Structures are given as structure tokens and as C-alpha cells.
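Let me begin by presenting the structure, written as C-alpha cells, before commenting on it.
Read-outs throughout are calculated quantities, based only on the coordinates presented, and are distinct from any laboratory measurement. Predicted, not measured: the structure shown is a model, and the values here were computed from it. Note that each Cβ is placed from the backbone with ideal geometry, even for glycine, and that neighbours are counted across all protein chains shown.
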Amino acid sequence: MQAKTGGKHNSSQSEIVYVVDTSYFILGCRIGDGRIVTVQDVVEELGKFDELNAAVHVDVEAPSSEAVEGVRTAARKTGDYHKLSDTDTGLLALALDYKNAGESAPIITDDYAVQNVAVGLGIEIAPIKEAPIKEVVEWVMVCRGCKKAYREEELGEMVCPVCGSEVRRKRAGGHILNGGL
Ligand SMILES: [Zn+2]
């Protein structure tokens, strides 16, 4: 890990930290001020990290295991658990660690599951190209065979424990966040 001090110094304010996912690099985004952090999984997904890092300075950090657990708990609540990759979970956990330390660390992603869990955790989100979501969507798991509905946390895998049919995610509802993000 390398601490970066940018060209511009703003002595009284702490630097904004942006947590970025793979699409940030693929889409070639640029952030004006602020420090850019990501997790090792993103570096591995990208492959050519050194080349990319020569153009944009990025710090690779590891989230705490407490934050990873916090993200998993939040994702189970919103029903996004099965949609989050380990990379997604790591990025959210990193943003959560910064938030818990009282620092502003928006997560930059176009992934709706990541955005949904971030909103649930009170983490700021900054989408790359799509509009940010304004509501937290809750999902319910419904068996395609017997139509029994489950909470995501009740299921180990997407198979109905009663009849053995495939279980699908369905939108259960959501609530609009007042004032947006
Ligand atoms: Zn069933």
C-alpha cells in the first residue's frame, strides 16, 4: 500500500477516497481530486494493472473481516447476496471500513446489486454512466414448482427444499429514499 499525496493540497479537508470497481478502468474514467482505492480481486480481473496504474495512481487495499461480514449481512437483508461476487463484497467492505472510520469513500460502480447493498449500508455511490438508484429493492425467492416463497437467508442454494425445483428471485417491493442520493 502506498500513500499518495496529490499535487493539490487542501490542508483542512481530508482527501476524498473513491472505491472503484473493474468497470472504472475498462471505461477509462478519470477522477479529478481524490485518492483511488480498489481491492486485489479487481487487479486480478484486469491483469494489466501496472500499465493501468501508470496512467492512474491506484492504491490496492484489503478490507477488514468485520466489514466483509457486515456487507454479507446487509446483502442477505436486501436479497442481493447471490448477486455479489467476492470482488463486489470486497469493494463494499473497503468502502464500509472508510465510512466506519468517518471518511467519505463513495463507491464507483454501475452494478445495481452493489449499489443496492451500498445504499442499505449508508455508503455513498457514484455511478459511472447510469443514473444512481433511488430506492432499495427487496427480493423474495419463489419456487418455480410449488410457488413457495423464501427469504434469501433461508436458502443455501437456489433449490426449493420442499419440492426440489429451481428457485428464482422476484422483486418483493422497495421503498424510495427521500431526497435521493
Ligand atoms: Zn418448491
**Fill in**
When ILE108, ILE16 are arranged by how many other beta-carbons sit within 10 Å of their Cβ, fewest first, they go ILE16, ILE108
**Message:** Using a 10 Å cut-off around each Cβ, can you sort GLU166, GLU153 from fewest to most neighbouring Cβ atoms?
**Reply:** GLU166, GLU153
**Request:** Using per-residue counts of other Cβ atoms within 10 Å, averaged over each peptide, order 57-67, 96-106, 110-120 from highest down.
**Result:** 110-120, 96-106, 57-67
**Item:** Footprinting exposure proxy for ARG168, ARG76 (fewest neighbouring C-beta atoms within 10 Å first)
**Value:** ARG168, ARG76
**Asked** Fully extended, how many nm does the chain gain between ASP59 and ARG72 (0.36 nm per residue separation, minus their Cα-Cα distance)?
**Response** 2.3 nm
